[in-house]
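First up is the structure itself, then whatever we jot down about it.
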Amino acid sequence: MDNYAIEMLGITKKFPGIIANDNVTLQVKKGEIHALLGENGAGKSTLMSILFGFYQPDGGEIRKDGRKIKINNPNEANALGIGMVHQHFKLVECFTVLDNIILGAETTKGGFLQKKEAKKKVLELSEKYGLYVDPDAVIENITVGMQQRTEILKMLYRDNEVLIFDEPTAVLTPQEIKELMAVMKNLAAEGKSILFITHKLAEIMEVADRCSVLRKGKYIGTVDVKDTTPEELSAMMVGRNVSLVVEKKPSEPGDVVLDVKNMSVASQRGKKDAVKNVSLQVRRGEIVCIAGIDGNGQTEFIYGLSGLEPVKSGMIMMNGKDITRMPIRKRLTSGMSHIPEDRHKHGLVLDFSLEDNIVLQRYFEPQFTNKFGFLKRNSIREYANRLIKQYDVRSGQGPITKARDMSGGNQQKAIIAREIDKNPELLIAVQPTRGLDVGAVEYIHKQLVAQRDAGKGVLLVSFELDEVMNLADRILVMYEGEIVGEFSPGQVSVEELGLYMAGSKRMEVGAHE
Amino acid sequence: MLLLIQYTLIFASVLVLVALGGCFSEHSGVINIGLEGIMVIGALGGALMMKFLGGGAPAAVVILLVVLSSVLSGILCSLLLGVAAIHFKADQTLLGTALNLLGAAVAVVLVRAINLSEDIDNVSSTIKYGEAKSAFIIRIGDFEFNWFMLIAFVVLILSYIVLYKTKFGMRLYACGEHPQAADSVGINVYKMRYAGVMISGALGGLGGLVYITAGVSEWKFENGVAGFGFLALAVMIFGQWKPLNIGLAALLFGFFRALSNVYTGFDFLLSLKLPSVIYNMLPYIISLIVLVFVSKKSRAPKAEGIPYDKGQR
Amino acid sequence: MNKERTKKASILRNDGFQTTISSILCILIGFLIGYIVLLIINPKGAGDAILAIMKNFLYYSSAVSAKKYLGTTLVKASALLMCALSVLFANKVGLFNIGVAGQYVVGAGASLYFAVGLGMPWYVSLLAAIVFAAALGGISGFLKSYFNVNEVISCIMLNWISLYCVNMLLSTVKESSTPYTKPLSSANKDGLLPNLGLDKIFSNNKFVTIGVVLSVIAAIFVSILLDKTKFGYELKATGMNKHAAKYCGMKEKRNIIITMMISGALAGMGAGIFYLSGIEQWMIGQTSIPAMGFNGIAAAFLGGLNPIGAIFASYFIQHITSGGTYVDKTMYCTQISDLMIAFIIYLCGFVFFFKLFLNKYLDKRDEKMAAKAREGGEA
């Protein structure tokens, strides 16, 4: 019999309306790296939340080292030696690295914190596993990679034996990912069992020993990674063979629709500028893609373009008009559409109905508001119904559904319908497919290409290299607020792009005149 | 001059206690704008105990029992906020407002009922406690030293130590900044928030007691505590939720408040011929101006005011 | 039969219905607590006292007196309604206008000073109340949008500042023998709001003026403004998600200031229609802020933050406040109503949880029924 560190047998978990886990089995051997693969919404997070004691399963059992156990809360998971690096880090931003590591597992003498010994132990651990980080640094001042190391040290400090990594590579540069993989292998070699949750096949192929696959809450199977191929894994994950390659004709760029000259945007946090002296152009009929790791100034760049943040210096021209100091409303009514990065923060008023969200950019137009300032409810309903049908936005009660009650994919479709139907000349889309399932991703990619073919300029910001390679007619790489490379998709490999994204290579990208 | 120092110190003591109470509550993640009501209830608890003890008991016993009574009354009152805000996820501003009204109403109803039961013609809402109150005061020449000045100072130092040097403080802080993080390392966020709210109740109640014993020997409960709970909130914000800064802010605000009591003793202030109302307004005007300057870069606990829901991660 | 069930469920799920139910529950518990307190104080008269509070003007057996005192309750309720509207209007933009009390005070100061001090006719005085209170609200809004000053804190400070300022201002129109301002009826008859015959309906209660009607019109106006207009759409969007409001080009800073100004104007108008009816004079030197504003918070929440709901809630709260004056004063004090109102506000905090609980229960019931239906179908 195999020596399993953790077994989750026949786990079932229901939420009102959905079965998040349906008889799922997961067995992790001691000292192995076990990947858990599945699309968004496949039930990976629910399963891990059960293992970590956040939820109680409705059926099935959990075993550790062959013994049946019950995990009521994270504390008990901890006591059993189970630790987790969450996708969204659980770090107190104004605390130091050391404080975050010891929080919840403090040593005290007479009620007072004893940080000296703790610091010694942390330094030893970081030495042993190659997790270098300054214990006295404050979290809000260190890089995402260092924050992740802090999370890993948190688990090691508690002598955890089973380590769960929830989508750990999403926020890292390719080089940081390499380092993380090395650390994971190192940990497994020291006898720790690792559960690695991801939807990236390449990473599984590189680092994992075995891989279990979930699809729509159901357990599909477990395979040995050395005996499988990415294609096989992909088929298991989505249940059919999908080509993520988007069909598109070569682009035929026309006039310049957006011309940014030497733009800088101040940072909200530090003293350094978040966007430094960026110049770029977008022409009609092309998709220009800004590639880069999350947090390298893309967000601030788009804020500057759309007017959400003031521009510190430089100039923005749209259709030959200077819009640098133009109010947001004016920009949006003179040909700019913006699919925002965070659909819950900016894109939607979640407690508004779907129809009210659909007219969010046009409610003030004469077709929706009469001259006395009253809303024309009938016209709004009609318009919403048309868009819902045309863009296939699904919801429980049609136009009067609260946006909050819709699925992520349909929320995003509603935003895209709203922004595209405005018939913009420049379409800005930031991470438009984040967190969506394969079907929705395909749909959105097709819409973006259709916009390009209709002669619009499309500016796409994406952190996903696959998306960049598939959609872009021109690729710009942004690193620490600067454009450090410009490529055609055929001309560059993913590996090469990775080097630029990580800042280890750069070319002089001249300002456009 | 001595009188000004004396009043400054006693008002600062009130403010420091109550503001520290607010500080503990907010660091745990619960906004407590009901401090005014908690102060009234604390004052009531203390006043009733003093009335009950009279002048006969030894000073140490009086101090101990009266303080205990205030503190317990304050905690009881704060639990109303705690239960609703922590377990039932109620709007904390609404609760605070309710608590302020409730504190005033309960005090008046209770005191009047007691007065009526003692004397059918006594419809006032005043409690006299002159004799017991003297236990708190030691005369040093012309200066009336009040034990509460010392207590406030000790509480200030203790608060600093608790918040920054102990396990409890670190965990409390984490609950107000990032309760999900605290929960993920096994800290019971609900429990810590209860602790924060109850400490604010204890200190708020004590502050109320100090306020009504500051100068007078009887208190008319219809007057409440004249906005001191709100002033304490301003002190807390000015002190940026840090105990030592709160201490300094309390001294500043206490000084301006004291000025309105004793400005007649200063010739140059009298010669300004300002209406006395101006001095009454001064603390509020100053806190408003101060808020304008500190609020832009204000660092309130990140998760304050947001009910913690275990299901939402 | 099955059809009937789903219909019943849909009523139970209706948000307005749930709000009404929870408000009634709050009231009942409030009364219960009031009764318990009365019992503790003196068990002998508790029943009579709680009845007196509930009956209010019905305390009088003659219809003439009862009508007269109903009129008085209505006058006070109309001022309260304006305060409630002020609170709920600000709430739609996500602001907690605890400054309604101060804005009410400023409205009182302005209207009385213009009417008594400057001898202005009622419409000018009422306008002055609206304008000055709007300005005060605007200050909080301005501080919020441009200096990030929490509106609750700034409003609290402004409440006290307003109180002292108004005391100072109105001391210029003080009666020499009492601590009150000169009565309007003798100082400036034109300053009184016109009755338009309304006084006749309420047994010649001369305090019943067009103010009562104005307040109801204001409630309807606020309701339409919020639900039917572009401006209301913007305000609600700003209140629910200010980031999204900014993203789609709404001027959220401007909206916050305008909202607070309108909110202040409503409170100021409330004070205007109250003091210009001549029903009360301002007591100079009062050291606590009039409860009207704070009770407005209670009425707004008890009315489910809905303008029409606020009409009923305001009347109810005023009804029991006035009712408190009829308790047997040899045993109890009138503040027992304040205590009950404070508790009702407190209980309003639980409404959100109550609805959540109810909906969860309904979900579970529906799921069970669906499961049963499925089983039935299979069998």
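Some observations on this one:
- Based on DSSP H segments of at least four residues, each scored -39500 (n - 2.57), chain C has a per-residue ellipticity at 222 nm of -24000 deg cm²/dmol.
- In plain terms, the bigger the Kirkwood radius, the slower the diffusion; for region C:231-329, with that radius from Cα pairs, at 25 °C and 0.890 mPa s, Stokes-Einstein puts D at 151 µm²/s.
- Descending Cα extents along the principal axes, chain C, whole Å: 89, 62, 39
- Chain B - percent relative contact order, Cα under 8 Å, separation 6 or more: 37
- Cα-based convex hull volume of the protein assembly as shown per residue, rounded to whole Å³: 218
- Net dipole in debye of the protein assembly as shown [+1 Lys, Arg Cβ; -1 Asp, Glu Cβ; about Cα centre; nearest 20]: 2260
- For C:Lys251, the shell of other residues with beta-carbons less than 10 Å away shows a net charge of +2, using +1 for Lys and Arg and -1 for Asp and Glu.
- In chain A, helices alone account for a calculated mean residue ellipticity at 222 nm of -9000 deg cm²/dmol, with every DSSP H run of four or more residues adding -39,500 (n - 2.57).
- Residues B:Trp219, B:Trp241 arranged by fewest to most Cβ contacts within 10 Å: B:Trp241, B:Trp219
- Across region C:125-133, computed HN-Hα scalar couplings (Karplus, 6.51 cos²θ - 1.76 cosθ + 1.60, θ = phi - 60°) run 5, 5, 4, 4, 4, 5, 5, 5, 5 Hz from first to last residue, x flagging Gly and Pro.
- In units of the compact-protein estimate 2.2 N^0.38 Å, region B:194-313 shows a Cα radius of gyration of 1.30.
- Least to most buried among B:Ser287, C:Ser62 (fewest other Cβ within 10 Å first): C:Ser62, B:Ser287
- Across peptide A:359-366, the average count of Cβ atoms from other chains found within 10 Å of a residue's Cβ is 3.
- The string of couplings for region A:371-387 from the Karplus curve (6.51, -1.76, 1.60, θ = phi - 60°) is 6, 8, x, 8, 6, 8, 4, 5, 5, 4, 4, 4, 4, 4, 4, 4, 5 Hz, one whole number per residue in order, with x for Gly and Pro.
- Mean shadow area of region A:136-289 over all directions, Cα convex hull, nm²: 14.2
- Peptides A:61-67, C:77-83 ordered by average Cβ neighbours within 10 Å, highest first: C:77-83, A:61-67
- Computed from Cα positions, the angle between helix C:2-13 and the longest principal axis of chain C comes to roughly 40 degrees.
- Taking the helices alone, chain B has a mean residue ellipticity at 222 nm of -23000 deg cm²/dmol, built from -39,500 (n - 2.57) per DSSP H run of at least 4 residues and averaged over all its residues.
- Sequence of A:Val183, A:Val278, A:Val85, B:Val61 once ranked by neighbouring C-beta atoms within 10 Å, starting from the fewest: B:Val61, A:Val183, A:Val85, A:Val278
- Per residue of B:106-116, other chain Cβ atoms within 10 Å of the residue Cβ number 5 on average.
- Relative to the longest principal axis of the Cα atoms of chain C, the long axis of helix C:46-55 lies at roughly 80 degrees.
- Put simply, the amide H of A:Ile323, placed in the peptide plane, has neighbours under 5 Å in A:Ile316, A:Met317, A:Met318, leaving out anything fewer than 5 places away on its chain.
- Calculated FRET value between B:Phe143 and C:Thr172, using beta carbons and R₀ = 30 Å, to 0.05: 0.15
- Helices in chain B that qualify as membrane-span-like (whole DSSP H runs, Cα extent of at least 18 Å along the helix axis, mean Kyte-Doolittle hydropathy of 0.0 or higher) are B:2-28, B:35-53, B:59-82, B:92-118, B:147-165, B:189-212, B:243-262, B:276-294.
- P(r) weight above 33 Å for region A:4-238, C-alpha pairs, percent: 17
- Remark: mean inter-chain Cβ contacts per residue of B:295-307 equal 2, using a 10 Å Cβ-Cβ cutoff to other protein chain atoms.
- Ordered from longest to shortest, the equivalent ellipsoid semi-axes for region B:2-294 are 30, 24, 18 Å, each the square root of 5 times a Cα gyration tensor eigenvalue.
- FRET efficiency for C:Tyr146 and C:Lys372, using Cβ-Cβ distance with R0 set to 51 Å, rounded to 0.05: 0.30
- Peptides ranked, highest mean first, by Cβ atoms within 10 Å: ranges A:320-332, B:185-197: B:185-197, A:320-332
- A viscosity of 1.567 mPa s and a temperature of 4 °C, combined with the Kirkwood radius over C-alpha pairs in the Stokes-Einstein formula, give region C:87-217 a diffusion coefficient of 80 µm²/s.
- Note on chain A: semi-axes of the ellipsoid equivalent to its C-alpha gyration tensor, largest first and rounded to whole Å, are 42, 28, 23.
Each value in this text was obtained by applying a stated rule to the coordinates, not by laboratory testing. Note that the coordinates shown come from a computational prediction; the quantities given were computed from them, not determined experimentally. Positions of Cβ are backbone-derived with ideal geometry, glycine not excepted, and every protein chain shown enters the neighbour counts.
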